[in-house]
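Notes follow the structure.
The values are calculated or read from the model by the stated rules, or taken from the named source; none is laboratory data. Note that the structure is a prediction, hence the values are computed from the model and not measured. Neighbour counts are summed over all protein chains in view; Cβ atoms, including those assigned to glycine, are modelled from backbone coordinates with ideal geometry.
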Amino acid sequence: MATQRDIKKRIQSVKSTQKITRTMEMVSTSKMKKMQNRLSRSMPYNNKLNKIIENLRQTGVEDVFDPLLQERPNPSRILVLLVAGNRGLCGGYNTNVIDKALEIKNQLTIEEGKEVLLYVIGKKANSYLKFVGETMYKYSDNMEDDFTFSDAADLGNELINLFVTGEVDEVYISYTHIISKATQAAKTERLLPLKPETGNIEETAEEFNVEYIFEPNPYKIFSSLLPLYVKMKIYLSILESAFSEQFARRVAMKNATDAATEMIRDLTVSYNRVRQAKITTEITEIVGGAAALE
Amino acid sequence: MAMKLNCSVLTPDRLIYEGQVDFAVVEAFDGEMGFLFNHAPLISELGTGEIRLRTGDKADYFFVDGGFVEVKNNDLIILAENAQKRDELQAAQLESQITQLTSAERPETWEDRIKIDLELKKLKARLKVASK
């Protein structure tokens, strides 16, 4: 049986752990809010970009030959961009997204006999893949708070280059998608060749009746919009992942803090019990001793 | 009714400007392009240069590098890939960067030379906006 002092030590250590988890929870909450702000600041741009692309599609530029839109027959080399975090202590966040990426990789390699390259972002994914012996095409750290649009643009240019030069035939992105503020899920999407989202045509039919003047011409504009669309998609995916990471960490740390509170309560109960038992034994001893003297 | 355009300047990470303007000039891919009230619907590609937004006697200046402009129903939307306000640009710093680039030795390969020239062009365009 644990002694009084042992239990006291235990309580102390749980308390200090609780302090750490509580602080981490608060840090994650504030980082999460920051990410959310960044996401909402980018939304108007993204919406507008999609709208212009839709408007352009209505003018019939869709049939245009643009390398980024060309489906390749029998794609053989496929690149998967995996967006994970640098740090752990965030529940299933990293494992979920890594599993999702590996799932698609296995599906493509084993079932369809294709060559899959993994482009990995995030220390956690790197160490896990090394551990299971997966080869990586390229690895870079997650830039976390320092991540800007120009970084996404660089990454986008790199991927577009690989695709256009025929180095790879398809590009997928595996990231954590925000479904609602409270639910996120790992998701894999095809990035290249592009398939811009088609909105509800009836709903916006009125707008399409507007005859635009295009400078220089719709095709040229369409072709220069597409890379921007890809970059924006990458930028948003990484921001969404960063938000989800902080969210997952917050939940994990909240659970840890609650568990610590529970544990301290249990330990305090057993501490008091041991203390009481000790007092009882002492009294019995004294009473016994006094009785023996009489 | 006021003859004004609703103008917004957006970059991927923020909204730089929102407001009503009398007259807007943007640097399109082939030169400057001006917009007044009741402009026909238009979408154009942007080049590297300045944006001037005039409201009354007041004018706002921005530096823009690439992107698009859309005008429709007197809503003018500038989607820039990279944009800065005039206040964010520091002329002295830009000048020193320019002198640094021009005084450096010319690189060997033509690719590098083109890169430097492009960089120089962008810096000069920034400087022009900064010294307004």
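When the stretch B:21-41 is limited to residues that are in a strand (DSSP E or B) and within 14 Å of chain A (Cβ to nearest Cβ), the one that is nearest to B:LYS72 (Cα to Cα) turns out to be B:PHE35. The residue pairs whose first member lies in the stretch B:119-132 and is β-branched (Val, Ile, Thr), whose second member is part of a loop (DSSP other than H, G, I, E, B), and whose beta carbons are closer than 8 Å, counting only pairs six or more residues apart or on different chains, are B:VAL129/B:LEU89. If you check A:LYS114, A:LYS105, which single one turns out to be more than 20 Å from the chain's Cα centre (by Cα), surrounded by 13 or more Cβ atoms within 10 Å (Cβ to Cβ) and closer than 21 Å to A:LEU194 by Cα? Criteria check complete, one pass: A:LYS114. Of the strands (runs of 3 or more DSSP E) lying entirely inside the stretch B:50-132, those containing at least 1 residues that are within 30 Å of B:HIS39 (Cα to Cα), polar (S, T, N, Q) and within 14 Å of chain A (Cβ to nearest Cβ) are B:83-85.
For the stretch B:8-20, a tally of residues being within 14 Å of the chain's Cα centre (by Cα) and either closer than 14 Å to B:ASP75 by Cβ or not in a strand (DSSP E or B) (or both) returns 4.
For A:LEU162, are the conditions met, namely being closer than 21 Å to A:LYS105 by Cβ, within 14 Å of chain B (Cβ to nearest Cβ) and modelled with pLDDT of 90 or more? No: the conditions fail for A:LEU162.
Here is the figure for the stretch A:194-214: residues that are touching an Asp or Glu at 6+ places or on another chain (Cβ under 7 Å) and either at pLDDT 85 or above or not in a loop (DSSP other than H, G, I, E, B) (or both) total 0.
Selection of the stretch A:223-240 for residues being touching a Phe, Trp or Tyr at 6+ places or on another chain (Cβ under 9 Å) and either of a type in the set (Phe, Trp, Tyr) or at pLDDT 95 or above (or both) yields only A:TYR235. In the stretch A:134-166, which residues are closer than 18 Å to A:LEU226 by Cβ, free of Cβ contacts under 8 Å to residues at least 12 places away in the same chain and not charged (D, E, K, R)? Across the stretch A:134-166, the qualifying residues are A:ASN161, A:THR165, A:GLY166. Among the residues making up the stretch B:1-41, those that are among the acidic types (Asp, Glu) and touching a helix residue (DSSP H, G or I) at 6+ places or on another chain (Cβ under 9 Å) are B:ASP13, B:GLU27. When the stretch A:16-38 is filtered for residues that are in contact (Cβ under 8 Å) with a residue 40 or more places away in the chain and within 11 Å of chain B (Cβ to nearest Cβ), only A:ARG38 remains. Residues that are surrounded by fewer than 16 Cβ atoms within 10 Å (Cβ to Cβ) and touching a strand residue (DSSP E or B) at 6+ places or on another chain (Cβ under 7 Å) are absent from the stretch B:104-113. Against the test of being surrounded by fewer than 16 Cβ atoms within 10 Å (Cβ to Cβ), among the β-branched types (Val, Ile, Thr) and either at pLDDT below 95 or assigned to a helix (DSSP H, G or I) (or both), the options A:THR257, A:THR261 yield a single qualifying residue, A:THR261. All of (1) among the basic types (Lys, Arg); (2) touching a residue at least 60 places away in the same chain (Cβ under 8 Å); (3) within 14 Å of chain B (Cβ to nearest Cβ) hold for A:ARG41 with one exception: (2). Filter the stretch A:127-154 for residues that are in a helix (DSSP H, G or I) and crowded, with 20+ Cβ neighbours inside 10 Å; which is farthest from the other protein chains (Cβ to nearest Cβ)? Among those residues, the one meeting the criterion is A:LEU129. Candidates A:LYS48, A:LYS33: the one that is assigned by TED's automatic domain parsing to the domain that holds A:GLN246 and surrounded by 14 or more Cβ atoms within 10 Å (Cβ to Cβ) is A:LYS48.
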